[in-house]
């Protein structure tokens with residue numbers, strides 16, 4: 001399941017697998033840039049599926065508390081000791097603080113009316129974290145399958161003013177207005193990738209110039225501005241997207257990130 005992350009990267013949220021072309025013509029692949037200790041938010045990638053209905057969690061504060069405790073309890077059982085230390089600092093208290101700090105930003109967005117909190121989705125998200133397998137909670141999957149993505153959504157509808165994608169229910173803000181994106185994750189035909197504010201475009205072959213990872217397709221990444229094969233474990237990396245394992249992180253004792261197997265996939 002994907003951790004409910006802060007909006008600073010939300011050209012980033014539902015668009016992590018799409019390219020956005022900026023005002024300067026450059027592409028940017030969405031991803032969290034990490035340095036030093038890797039936040040738990042990065043390891044909590046995706047839950048593959050989510051089901052259930054019923055109870056709701058009434059307030060953002062109650063959801064944040066339930067979510068933090070659910071996440072950190074699963075981290076304690078799913079992570080190796082080394083992974084738990086790398087991700088959280090090695091204690092439940094540090095883990096709870098890290099998760100809570102992230103959700104505080106979400107609460108502020110809800111309080112000022114930029115986003116809305118869905119009570120039922122909040123309860124379903126927490127319930128799924130508590131019951132799913134470690135692989136479902138911490139494993140790598142596509143954003144389209146993220147069950148917690150509906151907990152916080154933009155409050156602005158199509159045509160309303162916005163200052164960023166995270167303002168909009170459609171998750172696309174163009175020229176300060178919420179619009180329907182011309183393409184979304186998985187909507188382009190085979191051989192194409194999604195440029196969020198333009199539309200589908202043909203994937204660029206390996207060896208050709210690029211400005212973002214998605215231009216190169218799912219089996220390659222933009223390395224040194226050239227579409228190149230994905231990196232093996234142990235090779236230096238800067239984003240998850242560059243790795244065959246889809247995980248760029250720290251191994252015990254390391255200060256620089258390399259491609260490695262995902263965190264916390266224990267039974």
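Of everything in the stretch 156-171 that is in contact (Cβ under 8 Å) with a residue 40 or more places away in the chain and assigned to a loop (DSSP other than H, G, I, E, B), the residue that is surrounded by the most Cβ atoms within 10 Å (Cβ to Cβ) is 171. Of all the criteria given as (1) surrounded by 14 or more Cβ atoms within 10 Å (Cβ to Cβ); (2) under 26 Å from residue 77 (Cα atoms), the one not satisfied by residue 252 is (1). Examine the stretch 220-238 for a residue that is within 28 Å of residue 71 (Cα to Cα) and crowded, with 22+ Cβ neighbours inside 10 Å, and state whether such a residue exists. The answer is yes; a qualifying residue exists. Of the residues contained in the stretch 177-184, none is found to be in a loop (DSSP other than H, G, I, E, B), without any contact (Cβ under 8 Å) to a residue 12 or more places away in the chain and either within 30 Å of residue 215 (Cα to Cα) or in contact with a strand residue (DSSP E or B) (Cβ under 7 Å, 6 or more places away or on another chain) (or both). Of the strands (runs of 3 or more DSSP E) lying entirely inside the stretch 190-267, those containing at least 3 residues that are more than 30 Å from residue 83 (Cβ to Cβ) span 192-195, 199-202.
When you go through 61, 68, 123, 107 one by one, which is the residue that is assigned to a helix (DSSP H, G or I), touching a residue at least 12 places away in the same chain (Cβ under 8 Å), more than 21 Å from the chain's Cα centre (by Cα) and more than 24 Å from residue 257 (Cα to Cα)? The match here is 61.
Values in this text are rule-based calculations from the coordinates and carry no lab data. Note that this is a predicted model, so its numbers are computed, not measured. Every residue, glycine among them, receives a Cβ derived from its backbone with ideal geometry; neighbour counts consider all protein chains shown.
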